[in-house]
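Notes for the one structure printed next.
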Amino acid sequence: MSSPIDQAKNAEKFLADTVHEQRLDKLLWAMRMRRDAAARLVPEWEELRTLASEIKEHALSHLSDYLTQFEAKATANGVIVHWARDAHEHNQIVYDLLAEQGADTLVKSKSMLTEECELRPFLERRGIRVTETDLGERIQQLDDQPPGHIVGPAIHKTTKDVALLFSQKYGSDPNNEDVAYLAGVMRENTRPDFLKARAGMTGANFLVAETGAIVVATNEGNADLSANTPELHICSVGIEKIIPTMESLAVFIRLLARSATGDTITQYTSTFRGPRKGAAMHVILVDNGRSARLGMNRFWHSLKCIRCAACMNTCPVYRRSGGLSYGSTYMGPIGIIMMPTFEIRKYSELPFSSTLNGSCTNVCPVKIDIHEQIYGWREVMEENDQIQVVKKEAMRVADEVLSHPTLYHIATTTLSPALEVLPHFAVYNRLNAWGKHRDVPEPARGTFHEWYRNHRPNRNEVER
Amino acid sequence: MSPTLALSRNKILDSVRANQRAAQPMPTIPHFHTNQPSDLVTAFRESIARMAGVVVTEDVPDLDSFLRATFPGAKVICSAIPEYAGTIKPASFNHWAEASAIDVCILRSPMGVAETGSVLLSDLELHVNTVAFLAHDLVVLLDPKQIVANIHDAYEHPHFKLRPYSVLMTGPSGSGDIGGIVVHPAQAAKTLTVILAPAPDARQRTA
């Protein structure tokens, strides 16, 4: 049995290096600001979020019907559809397809599902050379690290880090940190792999039941190259990615890039319905715990996720500790609520890597109640005796305070002024496991209750 | 279907059915036309410029002269449109990787999207899908009358229900993966130039 991942401890190294920590914090917050600006330009933004949430809930409540509809349509289009219950079945299907094709090289675009299934080491152990073709994912592959962010896998690295890495792996100039130069180095080294590869692989952002299509969004064009250049295209996709129609796809495409980076759309938003003449297209529908999650009354909502990473970009814990500290495929707020469904003990500490400030929920384009699920997982961990004594005590105190209005009043009115004057060690002690290494925000000048009394004295009297 | 595959399929579907939520209704999806811009061509130009695409609105009477002047170093010009020969046609490529020899590729899109600045391309226009990704520079002709307001309208195009491959292409290939700084190109085309030009049959109609 795996011992629990200690995200706070893992983050210590990242936090000790202030250059990386401050840079990542600033960069991701700028993304969050761009997301806000993009959303403000769309008058129907909130209506789109509601629609997206409702479409996903509809699709997940008719999942078996839509999966069989997709299978029938895709098959009629000439696609070969496979079903994989778990990571091993998925990896074996991919390997068998490559072996049948006589392919010993594979170009693939970014897919968090293949990370989840640990496909790359599986194939490499069997003699297949895999080239990740997404720039960020390739950087992480060359550095022998997993992705640190689901949209920008190497976002935690500086240009200097990449210049040094490319100089070691590709022999480029270690002192040239110009990003256009570095992207050019990648292009020069990857293009021959596209041209030679016997097989290409992509993930999918959406499956469309009505047309049997997979939809892939990228900025680099690497998914289109991976799928179109070789004569074998394999697409791996989780069963929860299904949506009913092309009409419903429009809602998600309008939300996805705006939520992720603040752009209106990705450079390439591609729809693959079937193979070209003389080529083969395979789609592997992967469960790997998703159908079981569907049955979790408190946690099935996380299946609505469209992997935009807006929740990560806004999360103060994620921004200041980096994605690798989570020790998991999915990181940040969405990772916290997904990972325990894969392995409860290993990820039992992750739900504590949150301030429960709720901004993840506020920016989620499909309205997942992320912070409430994080709190729900904390309760599950406590019920299952999966958490450290320190965190358990903190939760007990929080429960006590939150369930008694008088105590809550005392706590908020006395603690806030105290935070201004208390020495650092008194706030960041071992009883505040997350506060270690982190500065809490400046306390508000008054509590909401104080403000309310000052501004609404009469109504206050009536309501009391 | 192999027995193992059939077993996995049935096990997954059984598990989904056992855990499926109570049925939720499908919402009605509006097209939000009340918020659409009044001038679709201007909106298209502004949108594609944000994604580093270039729009030519002036009349281009001689395509060959335009291409020679814009891409002076280009040797291999692949034309996927009937009205211009170029130096090569997509049908010449036996293997789709051979399209990497293209310097400039010229295509015609059947639809633009004002909201995003995207142009639609499918296997029908590309013939060989890789020409749009392995060519260094792309030039796309688009009839301004074929610009729709938003993505809701765009996904009503019949290509999405009929063609094996369709792409909404918005600007040249790019990446923000190093240091969060967006650069062009990444893996695919270095530039995307859209020439607003009526479709040949439309020209004939107005002539």
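The values are calculated or read from the model by the stated rules, or taken from the named source; none is laboratory data. All values derive from a computational prediction rather than experimental measurement. Positions of Cβ are backbone-derived with ideal geometry, glycine not excepted, and every protein chain shown enters the neighbour counts. Side chains included, ligands, DNA and RNA excluded: accessible areas come from the protein's heavy atoms. Shrake-Rupley method; radii C 1.70, N 1.55, O 1.52, S 1.80 Å.
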- Task: Those residues that are touching a residue at least 40 places away in the same chain (Cβ under 8 Å), of a type in the set (A, V, I, L, M) and either open to solvent by 50 Å² or more (accessible area, probe 1.4 Å) or on the phi > 0 side of the Ramachandran plot (or both), I need them from the stretch A:140-171; list them, please.
- Result: none
- If you scan the stretch A:264-301, which residues turn out to be farther than 19 Å from residue A:214 by Cβ, within 7 Å of chain B (Cβ to nearest Cβ) and of a type outside the set (A, V, I, L, M, F, W, C)? A:264, A:291, A:295
- Which listed residue is part of a helix (DSSP H, G or I) and at pLDDT 95 or above, from A:368, A:336, A:410: A:336
- Query: If we scan the stretch A:189-198, do we find a residue that is without any contact (Cβ under 8 Å) to a residue 60 or more places away in the chain, part of a strand (DSSP E or B) and either surrounded by 20 or more Cβ atoms within 10 Å (Cβ to Cβ) or more than 10 Å from chain B (Cβ to nearest Cβ) (or both)?
  - Reply: no
- Message: Whether any residue in the stretch A:142-157 is modelled with pLDDT of 95 or more, farther than 19 Å from residue B:174 by Cα and touching a strand residue (DSSP E or B) at 6+ places or on another chain (Cβ under 7 Å) is what I want to check.
- Response: no
- Tabulated pairs, the stretch B:130-148, first within 13 Å of another protein chain (Cβ to nearest Cβ), second of a type in the set (Lys, Arg) and open to solvent by 10 Å² or more (accessible area, probe 1.4 Å), C-beta under 8 angstrom, 6+ apart or interchain: B:136/B:190
- Message: Suppose we keep only residues that are touching a residue at least 40 places away in the same chain (Cβ under 8 Å), open to solvent by 10 Å² or more (accessible area, probe 1.4 Å) and facing chain B (nearest Cβ under 9 Å) within the stretch A:26-41. Which one would you say is nearest to the chain's Cα centre (by Cα)?
- Response: A:31
- Among the numbered criteria (1) of a type in the set (Lys, Arg); (2) assigned to a loop (DSSP other than H, G, I, E, B); (3) crowded, with 18+ Cβ neighbours inside 10 Å, which single criterion is violated by residue A:378? (2)
- Can residue B:68 be described as more than 21 Å from residue A:272 (Cα to Cα) and of a type in the set (Lys, Arg)? yes
- State which residue is nearest to the other protein chains (Cβ to nearest Cβ) when the search covers only the stretch A:125-139 and only residues that are of a type in the set (A, V, I, L, M) and buried (at least 24 other Cβ atoms within 10 Å of the Cβ). A:135
- Restricting the search to the stretch B:89-100, which residues are within 17 Å of residue A:194 (Cβ to Cβ) and crowded, with 16+ Cβ neighbours inside 10 Å? B:93, B:96, B:97, B:98, B:99, B:100
- Positions within the stretch A:63-122 being more than 20 Å from residue B:12 (Cβ to Cβ) and of a type in the set (S, T, N, Q), in sequence order: A:77, A:101, A:105, A:109
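Rundown of residues vs (1) closer than 26 Å to residue A:48 by Cα; (2) surrounded by fewer than 24 Cβ atoms within 10 Å (Cβ to Cβ), yes/no style:
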{"site": "A:220", "(1), (2)": "no, no"}
{"site": "A:229", "(1), (2)": "no, no"}
{"site": "A:245", "(1), (2)": "yes, yes"}
{"site": "A:259", "(1), (2)": "yes, no"}
{"site": "A:275", "(1), (2)": "no, yes"}
- Residue list for the stretch B:28-37, restricted to those being polar (S, T, N, Q) and either surrounded by 16 or more Cβ atoms within 10 Å (Cβ to Cβ) or over 22 Å from residue A:266 (Cα atoms) (or both): B:28, B:34, B:36
- Message: So, residue A:176, is that one open to solvent by 40 Å² or more (accessible area, probe 1.4 Å) and within 24 Å of the chain's Cα centre (by Cα) or not?
- Response: no
- Of the conditions (1) farther than 21 Å from residue B:43 by Cβ; (2) open to solvent by less than 30 Å² (accessible area, probe 1.4 Å); (3) touching a Gly at 6+ places or on another chain (Cβ under 9 Å), the single one that residue B:147 does not satisfy is (1)
- Item | Matching residues in the stretch A:42-68 - criterion: being more than 11 Å from chain B (Cβ to nearest Cβ) and surrounded by fewer than 19 Cβ atoms within 10 Å (Cβ to Cβ) | A:46
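Go through the stretch A:79-105 residue by residue and tally those that are more than 23 Å from the chain's Cα centre (by Cα) and open to solvent by less than 40 Å² (accessible area, probe 1.4 Å). Please lay out each step first, then the result.
Step one: list which residues in the stretch A:79-105 are more than 23 Å from the chain's Cα centre (by Cα), which gives A:79-83, A:89, A:92-105.
With open to solvent by less than 40 Å² (accessible area, probe 1.4 Å) added as a condition, the list becomes A:79, A:81-83, A:89, A:93-94, A:97-98, A:103, A:105.
The total comes to 11.
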- Item | Among the candidates A:265, A:214, A:234, residue that is assigned to a loop (DSSP other than H, G, I, E, B) and crowded, with 24+ Cβ neighbours inside 10 Å | A:265
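Could you tell me whether residue B:122 is open to solvent by less than 10 Å² (accessible area, probe 1.4 Å) and either within 11 Å of chain A (Cβ to nearest Cβ) or under 14 Å from the mean Cα position of the chain (by Cα) (or both)? Show your work before the answer.
Working: open to solvent by less than 10 Å² (accessible area, probe 1.4 Å): yes; either within 11 Å of chain A (Cβ to nearest Cβ) or under 14 Å from the mean Cα position of the chain (by Cα) (or both): yes.
For residue B:122, the condition - open to solvent by less than 10 Å² (accessible area, probe 1.4 Å) and either within 11 Å of chain A (Cβ to nearest Cβ) or under 14 Å from the mean Cα position of the chain (by Cα) (or both) - is met.
A quick yes/no check of all residues on (1) more than 8 Å from chain B (Cβ to nearest Cβ); (2) under 18 Å from the mean Cα position of the chain (by Cα):
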| residue | (1), (2) |
| --- | --- |
| A:233 | yes, no |
| A:244 | no, no |
| A:251 | no, no |
| A:261 | no, yes |
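Can you go through A:335, A:322, A:295 and tell me which one is free of Cβ contacts under 8 Å to residues at least 40 places away in the same chain and buried (at least 22 other Cβ atoms within 10 Å of the Cβ)?
Details: A:322 fails: free of Cβ contacts under 8 Å to residues at least 40 places away in the same chain; A:295 fails: buried (at least 22 other Cβ atoms within 10 Å of the Cβ).
The conditions single out A:335.
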- Message: Step by step: first the residues of the stretch B:38-67, then only those that are open to solvent by 50 Å² or more (accessible area, probe 1.4 Å) and part of a loop (DSSP other than H, G, I, E, B), then the one that is nearest to the other protein chains (Cβ to nearest Cβ). Which residue is that?
- Response: B:38
- Leading residue by the ranking (surrounded by the fewest Cβ atoms within 10 Å (Cβ to Cβ)) among those in the stretch A:13-25 that are among the charged types (D, E, K, R) and assigned to a helix (DSSP H, G or I): A:13
- Task: Take residue A:351 and decide whether it is surrounded by 24 or more Cβ atoms within 10 Å (Cβ to Cβ), of a type outside the set (S, T, N, Q) and without any contact (Cβ under 8 Å) to a residue 40 or more places away in the chain.
- Result: yes
